Amino acid sequence: MQKPTRIFIIGLVSAGLVWTAGTLNTRRLTRHEAALEIQCKQSTKPPFGFVPDCDWKTLVSDSAPSTGIDPDIAAAFAPVGIQADIVKAHQAVAASEAWPIPAALVLLGIGATPWLWYFLLRRIAELRSAMGGKPPI
């Protein structure tokens, strides 16, 4: 097996491993976030009919800083306790979702570059031979 082909295969395998590891990490973090939401709903006893807010979508939108609001007032409405853990878990999931595919594509591109280069050089040599009237190599 030629060296460019070996490099391409190594790049392909490493890209697959990076993508798989990133996807499994994202699933792990998503399960952790769901477990925190379930724990929040089960552990909080709602007084006087108050239903606790354990969904990350509303927690993130409530704690998001906006212009024109005093930071002290915004800090008073920031989630605390398990709700803060849910927000942090969601931020970890969002960060983990972003990197596996681009990282795998970069590794695949790096691994494929030598193979593609030598492939193009062979085609150019064939064209040169065909234009000169010589049989292909």
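For the condition modelled with pLDDT of 80 or more, more than 30 Å from Gln2 (Cα to Cα) and part of a helix (DSSP H, G or I), what is the one hit in Glu37, Glu126? Step through it out loud before you land on a result.
Working: Glu126 fails: more than 30 Å from Gln2 (Cα to Cα).
Matching residue, one of Glu37, Glu126: Glu37.
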Checklist entry - Are there any pairs, at least 6 apart or on different chains, whose C-beta atoms fall under 7 Å, with the first in region 21-41 and in contact (Cβ under 8 Å) with a residue 60 or more places away in the chain and the second surrounded by fewer than 16 Cβ atoms within 10 Å (Cβ to Cβ) and aromatic (Phe, Trp, Tyr), and if so, which? => result Gly22/Trp99
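Would you check if Thr58 is surrounded by 13 or more Cβ atoms within 10 Å (Cβ to Cβ) and either modelled with pLDDT under 90 or in contact with a helix residue (DSSP H, G or I) (Cβ under 8 Å, 6 or more places away or on another chain) (or both)? Steps first, answer last, please.
Values: surrounded by 13 or more Cβ atoms within 10 Å (Cβ to Cβ): no; either modelled with pLDDT under 90 or in contact with a helix residue (DSSP H, G or I) (Cβ under 8 Å, 6 or more places away or on another chain) (or both): yes.
No, not satisfied.
The values are calculated or read from the model by the stated rules, or taken from the named source; none is laboratory data. This structure is a prediction, so every number in the text was calculated from the model and none was measured. Don't worry about glycine lacking a Cβ; one is built from the backbone with ideal geometry, like all the others, and counts go over all protein chains shown.
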